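Derivation of every value follows stated rules applied to the coordinates shown; laboratory data play no part. Only a predicted model underlies this, so the values are computations on that prediction, with no experimental measurement involved. Here Cβ is always computed from backbone atoms with ideal geometry, including for glycine, and neighbour counts include all displayed protein chains.
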Amino acid sequence: MPPQASKPRILPHLSFLPIQGPHLLVKLLVTGGAGFLGRRVASAALERGHEVVVLSRHPDRVRDLPPGVSVIGGDLTAPQDLKGRLAELAPQGVIHAAAVVVDHDPQLHSVNVEGTAALCSMLGGLSPAPRLVYVSTFSVEDIPSTAYSDSKLAAESVVRASELPHAVMRPALIYGKGDSTNTPDLVARMAAGTQWLPGGGRVLIQPVHVDDVALACVMASEQKDVSGKTYRLGGPEPVTVRAYREAIRDASGGSARIRGLPLNMMNLAAGLLATLGKPRAQQVLAFHLTDHTVDSGEAQRDLNFQPRSLTEGLRTTFA
């Protein structure tokens, strides 16, 4: 494929033609559209007939978006430079997926909380106000809490306090091809050697494929009667942490051995490390003391959310 075929169109000016199709929503802005989830959201929206515009701080560096997606430059942490462009764009819907996901990133609060507040303020000044789909995380109601989950919970409060019609999405652990965080780390751990899991990795989780989350976000942006609702998005059925790691190992061709670490030994080690100023082990222990199951019933009813099986998801991830 020639390089220009996969390079998104950067808008020299903002002008749009109506799109014919079954949806009322035809002009959709995606923040974080160059990221792992955002790229899939843009693709899913395009497939459903929407006109898709991606917001990026570095539009000249955006790659791997499908042909037909446009890009505008803008930084949510510098809203004074973006307000006019959003007013000219006048989106009918916004899927806000931009976020910092690393706990120790110095921009965690400014992007996740202040950036969301700036976006809500700018969108609230448009007439009519667009529908906002905010991509949060299931970890806001899970344990252990982290700086990341705290920032997303604060951003949810900002969204709910706005007068925008909105829906909040809380996906569980997202996996899939193109992931640069969770999946590569697990692949590296499962490549070889011995991996120890507290309690043998018996607690339950519900990983969800990125394409299923992306489609649910687009579906929420199309619905008029979902405003104010919160949707939890998980895989079709719970699996143990051990089974998930074994599945990642087998799908990626790894050979690591997985063994169980008694919880009482983990508790002693975590307490010792905490006295040395290293609380991470206590967070890991807390995670392995309770299940992390997700009730996606409302998303199934309202958004026709039908997540694929883990087997199918990993097949496409490692194809």
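Alpha carbon centre of segment 110-140 versus segment 153-198: separation in Å? One Cα centre to the other: 19 Å.
Ordering G125, T146, H104 by the projection of their Cα atoms onto the charge dipole of segment 79-169, which places +1 on the Cβ of Lys and Arg and -1 on the Cβ of Asp and Glu, puts G125 at the extreme positive end. Picking from G235, G93, G200, which is most flexible by a Gaussian network model of the chain using Cα springs under 10 Å? In this elastic network of the chain, the residue with the biggest mean-square fluctuation among G235, G93, G200 is G200. Look at the dipole of the chain built from charges on Cβ: of A243, L173, F287, the Cα furthest out on the positive end belongs to A243.
The calculated pair-distance distribution of segment 3-164 uses every alpha carbon pair, bins of 5 angstrom beginning at 0, and gives 2, 9, 18, 22, 21, 15, 9, 4, 1, 0 percent. Are there trypsin sites (Lys or Arg not before Pro) in segment 169-270 that DSSP marks as loop and that have at most 16 other Cβ atoms within 10 Å, and which are they? Hits after loop and neighbour filter: K177, R202, K224.
The charge dipole of segment 3-164, taken about its Cα centre with unit charges on the Cβ atoms of Lys, Arg (+1), Asp and Glu (-1) only, comes to about 600 debye. Of the cross-linked pairs K177/K278; K83/K152; K83/K177, those separated by over 29 Å at the C-alpha level are K177/K278; K83/K177. Reducing segment 282-319 and segment 226-263 to their Cα centroids gives an inter-centroid distance of 8 Å. Taking the Cα centre of the chain as origin and assigning +1 to Lys and Arg Cβ atoms and -1 to Asp and Glu Cβ atoms, the resulting dipole is close to 600 debye. For the chain, count all C-alpha to C-alpha pairs, find those more than 27 Å apart, and express that count as a whole percent of the total. Summing the P(r) tail past 27 Å for the chain gives 45 percent. Within the chain, DSSP assigns beta bridges of which about 5% are antiparallel (rounded to the nearest 5).
Computed about its Cα centre, the charge dipole of segment 21-96 is approximately 120 debye, with only Lys, Arg, Asp and Glu carrying charge at their Cβ.
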